[in-house]
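Visitor: One structure is given below, represented as structure tokens, and several questions about it will come after.
Just so you know, all these numbers are worked out from the coordinates, no wet-lab data involved. Quantities reported herein were computed from a predicted structural model and do not represent experimental measurements. Please note: Cβ atoms are built from the backbone with ideal geometry, for glycine as well, and neighbour counts cover all protein chains shown.
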Ligand code: AOF
Ligand code: ZN
């Protein structure tokens, strides 16, 4: 006999399969169970398309009467691109609804559950809530801050180096970890690097996945003095590029770059360079809900010091490089005291191929 928890786990796993495909919407899974039989399942597949509950009720049909609905996010109460799911739940005849977490969208935020409860249906909220919130950490951050969710990713050796003193870095991590990074690129809306990385490595920053047509993230290049060479790889393929620069940038070069379909975001400068908070606000307005920051060291340091990293994904390779002048993942200004270190909380550590993957979150307070 399966338990409430098993059904919610199934709903979460259904939702998980759509990760990166629903932006700006959350991922949501729904399962309807009648007398121990799963009579309906649903996934929200894409923004603008039907919500998870709609698919699940469609499948369940008359079997929904007297059934239990398990849903990973509170059913919505608003008319968005689709009508409110709470009304659908009310009319479906289900007798019980189990919700993993409330919807942080201010248009919903508890109102969906209220509608269902007022209709006399039993509602429980909070089953596998932590898992559900983690699954939608990007969406929750978007709703609460109106900013994209920032992931800082880097790969280093066991002794904390990302390249030799000459800048040679191919490869630090093994194949499995590198493949994971492409899966991550496939999920995020944008990938961000500084101009230093473009000048040094001339990267493509595209998604390359075997046996699967990936989605390229929008490339965001921080380039306050517009130093980007016209033949840079990021300017010469079909993937989209945004250059973040300042209002003082050379208008002739801007015009030339616009001919290459490059978009521009203009930000003010502070002592530390481009104002990152202002940039994130503009990227969000541009529809970017998450950003994968892939360096280099100065950019990583700027984001970390500004308190703008929401999640760290760090790969550690079983190699010791040494070298007084080897390059490290986080540069920036020197600090005098250990107390000034940015504190993080380790969420998980796993082996990916021969490498170690650490997921950490900034420690609050
Ligand atoms: C649900 N089930 O499967 C999803 C929900 O523009 P719309 O109509 O698609 O509404 C998007 C909002 O609806 C989104 O911001 C979030 O609050 C909620 N998403 N709700 O009941 C779902 N995807
Ligand atoms: Zn809905």
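Visitor: Only counting other Cβ atoms within 10 Å, I'd like 143, 8 sorted with the fewest neighbours first.
Guide: Neighbour counts put them in this order, fewest first: 143, 8.
Visitor: What order do you get for 98-109, 25-36, 332-343, 159-170 when each peptide is scored by the mean count of other beta carbon atoms within 10 Å, highest first?
Guide: Top of the packing list down: 25-36, 98-109, 159-170, 332-343.
Visitor: I would also like to ask the following. Measure off 7 Å from each Cα along the Cα-to-Cβ vector at residue 134 and residue 286, then give the distance between these two points in nanometres to one decimal.
Guide: The two pseudo-label positions are separated by 3.1 nm.
Visitor: Between 0 and 90 degrees, rounded to the nearest ten: what's the tilt of helix 175-187 against the longest Cα principal axis of the chain?
Guide: Around 60 degrees separate the two axes.
Visitor: Now, a different point. Using Cα-Cα distances under 8 Å and only pairs 6 or more residues apart, what relative contact order does the chain have, in percent?
Guide: Reported as a whole number, the value is 15 percent.
Visitor: Ok, one more. Tell me the angle of helix 4-16 to the major Cα principal axis of the chain, expressed in degrees between 0 and 90 and rounded to the nearest ten.
Guide: 40 degrees
Visitor: On C-alpha positions alone, give me the angle between the axis of helix 276-285 and the longest principal axis of the chain, in degrees, nearest 10.
Guide: Approximately 50 degrees, to the nearest 10.
Visitor: Using a simple spin-label model with points 7 Å from Cα along the Cα→Cβ vector, what separation in nm is obtained for residue 230 and residue 341?
Guide: With each label placed 7 Å out from Cα toward Cβ, I get 4.8 nm.
Visitor: Where both residues lie in the chain, what percent of DSSP beta bridges are antiparallel, nearest 5?
Guide: The antiparallel proportion sits near 45 percent.
Visitor: How large is Rg/Rh for region 247-328, to two decimals, with Cα atoms and a Kirkwood Rh? Write out the running numbers ahead of the final one.
Guide: Working: Rg = 16.5 Å, Rh = 15.7 Å.
Over the Cα atoms of region 247-328, Rg/Rh equals 1.05.
Visitor: Here is a follow-up. Starting from the 7 Å offset along Cα-to-Cβ, what nm value, one decimal, do you get for the label separation of residue 328 and residue 349?
Guide: Each label point is offset 7 Å from its Cα along the Cβ direction, giving 1.9 nm.
Visitor: Here's another thing I want to ask about it. With springs connecting C-alpha atoms under 10 Å apart, model the chain as a Gaussian network and identify which of 274, 191, 346 has the largest mean-square fluctuation.
Guide: Result for the chain, Cα springs under 10 Å: 346 fluctuates most.
Visitor: Now for a separate question. Per-residue ellipticity at 222 nm for the chain, helices alone: DSSP H runs ≥ 4 residues times -39500 (n - 2.57), over residue total, nearest 500 deg cm²/dmol?
Guide: For the chain, the value works out to -8000 deg cm²/dmol.
Visitor: For the chain, set up a GNM with springs between Cα atoms under 10 Å and report which of 150, 37, 198 has the largest fluctuation.
Guide: Looking only at 150, 37, 198, the largest GNM fluctuation is found for 37.
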